[in-house]
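Engineer: My questions will all concern the structure given below.
The values are calculated or read from the model by the stated rules, or taken from the named source; none is laboratory data. Computed from a predicted model, the values in this text were never measured in an experiment. No Cβ is skipped: glycine too gets one built from the backbone with ideal geometry, and neighbour counts run over all protein chains shown.
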Amino acid sequence: MSRWLAVALLACACSQALSQQGPEPVIVTAFNGATAAAEAIATSGLKATADAREAIVRLETGLASWYGSRFHGRKTASGEAYDMDALTAAHPKLPFGSWVRVRNLVNGRSVDVRINDRGPHIKRRIIDLSRAAAQSLGLAGHGTRQVEITVLEKGG
């Protein structure tokens with residue numbers, strides 16, 4: 001089995017798992033070509049189908065920042081008002097309405113947030129969190145931290 005076919009089969013298995021079990025993604029942390037994909041499909045008990053939708057599994061690591069009272073009540077890029085007490089975030093590319101899990105790589109805390117804005121607008125940052133999300137992660141007192149982002153559900 002080619003590596004690309006293995007990736008396609010893994011994507012099918014992941015998307016079926018998501019549609020059957022809710023927003024919790026299936027993540028394979030080590031990929032060894034066709035072997036890992038076949039094992040993931042076999043252990044999940046799912047069958048890969050040609051019409052399965054795109055897998056919603058994506059990991060991204062980088063620097064997170066947050067924004068607070070200065071922007072509270074202002075319109076976000078999605079058109080809704082920014083609420084610093086809601087669990088929301090700004091991401092440069094993910095569709096509005098997407099849900100992501102952000103994990104602080106320093107202390108291990110994580111929070112699920114909904115993407116409703118565009119940003120961050122500073123190089124090398126991958127996500128801007130609301131004040132509430134930053135507080136949940138223990139980020140508010142530090143300004144920025146290294147995080148890992150896992151896409152749980154794509155909006156759109």
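Engineer: Search the range 55-112 for residues being among the aromatic types (Phe, Trp, Tyr) and in contact with a helix residue (DSSP H, G or I) (Cβ under 8 Å, 6 or more places away or on another chain), and hand back the single one that is modelled with the lowest pLDDT.
Structural biologist: 67
Engineer: Among the strands (runs of 3 or more DSSP E) contained in the range 79-135, which hold 3 or more residues that are touching a residue at least 12 places away in the same chain (Cβ under 8 Å), surrounded by fewer than 18 Cβ atoms within 10 Å (Cβ to Cβ) and of a type in the set (Lys, Arg)?
Structural biologist: Fully inside the range 79-135 and qualifying: nothing.
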